[in-house]
Amino acid sequence: MKYIFVTGGVVSSLGKGLAAASLGTLLERRGLKVVLQKLDPYLNVDPGTMNPFQHGEVYVLADGAETDLDLGHYERFTNCVLTRSNNLTSGQVYETVLAKERRGDYLGKTVQVIPHVTDEIKNRIREVGKQSGGDILITEIGGTTGDIEGLPFLEAIRQFILEVGSDNAIIMHVTLVPFIKAAGELKTKPTQQSIAKLREIGIQPQVLICRTEMPLDQEVREKLSLFCNVPLNAVVEAGDVEHTIYEAPLNLRDEGLDATVCRLLRLDTPEPDLSDWKKFVQRVIAPKKRVRIAIVGKYIELQDAYKSIYESLTHAGASHDCGIDMVLVDAEDIEAEGADKYLRGVAGVLVPGGFGDRGVEGKIKATRYARESRTPFLGLCLGMQVATIEFARHVCGLAEADSTEFDPGTAHPVITILEDQKEVTDKGGSMRLGTWQTRLLEGSLAHHVYGRTEALERHRHRYEFNMAYRAAMEDKGFVISGTSPDGTLVELIELKNHPWFVACQFHPEFQSKPNAPHPLFRAFISAALANEE
Ligand code: GLN
């Protein structure tokens, strides 16, 4: 097993996750079995309880782990299968160490960061490597060099490399090389200082990924090489992608990153075949047609909050040779000013998931607009709950219909909490999470879209459709087209008298890949295109 550690310097948000995932793409296409892992220095056990403003999207894995959104990049950019062990936080490390201490595993000893915390980190790295049976483990360390929180992770890596040897493990440092306008120059000093910080703790990166707005000229490359003690050919330029993040692997390939890494790790592999990836990128950059899709959410000003949804739309669009103009609409604006002003002219409406009642009335208005104007509609998780409330209120005449999440005393709880969830007091990791099976109704639109009668989809929610309202709703043309195998939980709904109106309780956006779009997204775009004609 070979190991690549990805660290970040100078500032956060440099796209370390993207760099790690892109390297994964390149190595996988050289025939290697690649696994990715993220170490996060914060003390939360997982990001599941964090607000999207703090953390962006929470990405859900098949096993129900609530993880960092970089794991979404890993799954979209490679074929690796991730589980909860692939995202380790300081919170988890300390939780484990403290449980061992209470059990008496360290009896007689003082429990310390070195060796107990660092041992735990090293164990997790080794374990993930072993379990995966892969050739290469790429481990991304969250945070920025110099953060106090990140130190135990960096120290663990130092020890780890010492143990496995430098032929088997390297460090790739992602750094910023800023362009100073007044001087008209790229500056290498911040990078030098961040490398100096790493050297202080005994770490020397072998590869530098330089995020920059300007091309690195030879002189800058030589300076970086000299002062950072990295061979010239391991100074890699990573400019901003021009159109799409999927260009990143191609750009890094042009800079020779994969060849450099293979040389350093003494891996003899064929050149990567990226032809399908290139084709996909080409379709994203220059599609034959375009379509306008509105996304009505409450975190639309945050780029990262609906990341997997935006990516899924892009994948689905590309499969139709169609670019997606995403119209991001704040649900609260619709709440205040009505749907018509914001949604008129869009070819499709998507209502994403969410928690809490802010913006819900706006989402209901948007859903009503899509239903009445016969605009293709895709509702995801909360989006399905909203579609249920909207239909109950305006078609079934249950004016007070609501979810007990928003109005615990509502006269018509069409969305409600299940008995077993009522007992739950812990907020962390206690929802209906991860992959569950859905049985699709034969002859339904969903059945047609999937082309089969079963689907495995990822979940993250607490509330459910209330079966007490099933008959009343179905009478009016509401179709329950997917349920749990035992028929008790509603997974998918659609409307009889509408060209394309589908909503699901699960999150299809966690299973879409560039050249394998999710069937629901693909069919939604297809319906939107038909709507435009
Ligand atoms: N808040 C809703 C629930 O918990 C929907 C969750 C979601 O959209 N992910 O059931």
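The values are calculated or read from the model by the stated rules, or taken from the named source; none is laboratory data. As the structure is a computational prediction, the values presented were derived from the model and not from experiment. Note that we place each Cβ from the backbone using ideal geometry, even for glycine, and neighbour counts take in every protein chain shown. Ligands, DNA and RNA are stripped out before the accessible areas are found, and what is left, the full protein with its side chains, is counted by its heavy atoms. Shrake-Rupley method; radii C 1.70, N 1.55, O 1.52, S 1.80 Å.
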_Need one number: nm distance between label points at His243 and Arg290, each 7 Å from Cα along Cα→Cβ, rounded to one decimal._
1.2 nm
*Which lysines have a Cα less than 16 Å from the Cα of Lys513, not counting those fewer than 8 places away in the same chain?*
Lys278, Lys279, Lys307
*Could you please state how large a percent of the accessible area of segment 115-183 is carbon and sulfur, counting protein chains only and using a 1.4 Å probe?*
54 percent
*Just need the relative contact order of segment 266-361 here, percent rounded to a whole number, with Cα pairs under 8 Å and 6+ apart.*
37 percent
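Charges at C-beta only: +1 for Lys and Arg, -1 for Asp and Glu. How large is the resulting dipole of segment 23-166 about its Cα centre, in Debye rounded to 20?
The calculation lands at about 460 debye.
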*asked:* Can you compute log10 of I(q)/I(0) for segment 10-148 with the Debye formula, treating each Cα as one identical point scatterer, at q = 0.18 Å⁻¹?
replied: -1.07
*Taking a threshold of 20 Å on the Cα-Cα distance, which of the pairs Lys476/Lys496; Lys38/Lys427; Lys2/Lys38; Lys100/Lys422; Lys16/Lys197 fall above it?*
Lys38/Lys427; Lys100/Lys422
_Average accessible area per residue (Å²) across segment 374-533 - probe 1.4 Å, nucleic acids and ligands excluded_ = 40 Å²
*asked:* Run the helix sum for the chain: -39,500 (n - 2.57) per DSSP H stretch of 4+ residues, divided by residue count, reported at 222 nm to the nearest 500 deg cm²/dmol.
replied: -11000 deg cm²/dmol
*Quick one: grab the alpha carbon gyration tensor of segment 345-491, order the square roots of its eigenvalues as a ≥ b ≥ c, and give me rounded if a/c is under 1.5, else prolate or oblate depending on whether a/b is larger than b/c.*
rounded
*Within segment 71-87, what residues put their amide N at less than 19 Å from the label point 7 Å along the Cα-to-Cβ vector of Leu274?*
73-80
*Express the relative contact order of the chain as a whole percentage, based on alpha carbon pairs under 8 Å and six or more residues apart in sequence.*
15 percent
*Nitroxide proxy distance, nm - points 7 Å out along Cα→Cβ at Asn123 and Ser12*: 2.8 nm
*Hey, what's segment 1-78 come to in accessible area per residue, 1.4 Å probe, Å²?*
26 Å²
*Whole-angstrom gap from segment 427-453 to segment 99-139, using each part's C-alpha centre*: 37 Å
*Accessible surface of segment 285-356 [probe 1.4 Å, protein heavy atoms]: carbon and sulfur percent*: 46 percent
_Dipole magnitude of the chain, debye to nearest 20 (Cβ charges: Lys/Arg +1, Asp/Glu -1, about Cα centre)_ = 800 debye
*With a 1.4 Å probe and every protein chain kept in, tell me what percent of the accessible surface of segment 364-403 is carbon plus sulfur.*
43 percent
*Can you give the FRET efficiency for Asp105 and Glu163, using 1/(1 + (r/R0)^6), R0 = 22 Å, r = Cβ-Cβ distance, to the nearest 0.05?*
0.55
*Put +1 on the Cβ of every Lys and Arg and -1 on every Asp and Glu Cβ in segment 323-364; which of Ile324, Gly362, Gly338 then has its Cα farthest towards the positive end of the dipole?*
Ile324
*How far apart, in nm, are the 7 Å Cα→Cβ label points at Asp357 and Val424?*
2.1 nm
*Name the chymotrypsin sites (Phe, Trp or Tyr not before Pro) in segment 481-533 that are in a loop by DSSP and that have at most 16 other C-beta atoms within 10 Å, would you?*
none
*Could you list the trypsin sites (Lys or Arg not before Pro) in segment 307-349 that lie in coil according to DSSP, counting only those with at most 15 other Cβ atoms within 10 Å of their Cβ?*
Arg344
_Please report the spacing between the Cα centers of segment 508-526 and segment 480-507 in Å, no decimals._
17 Å
*Please sort by residue number the trypsin sites (Lys or Arg not before Pro) in segment 386-495 whose DSSP state is loop and whose Cβ has at most 11 other Cβ atoms within 10 Å.*
Lys427, Arg452
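Please compute the net charge surrounding Pro178, taking Lys and Arg as +1 and Asp and Glu as -1 over other residues with Cβ under 12 Å from its Cβ.
Counting the neighbours of Pro178, the net charge comes to +2.
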*segment 431-487 shape via C-alpha gyration tensor axes, a/c threshold 1.5*: oblate
*Specify the inter-centroid distance of segment 15-90 and segment 355-389, based on alpha-carbon positions, in whole Å.*
30 Å
*Compute the relative contact order of segment 79-216 as a whole-number percentage, counting only Cα pairs closer than 8 Å that sit 6 or more residues apart in sequence.*
20 percent
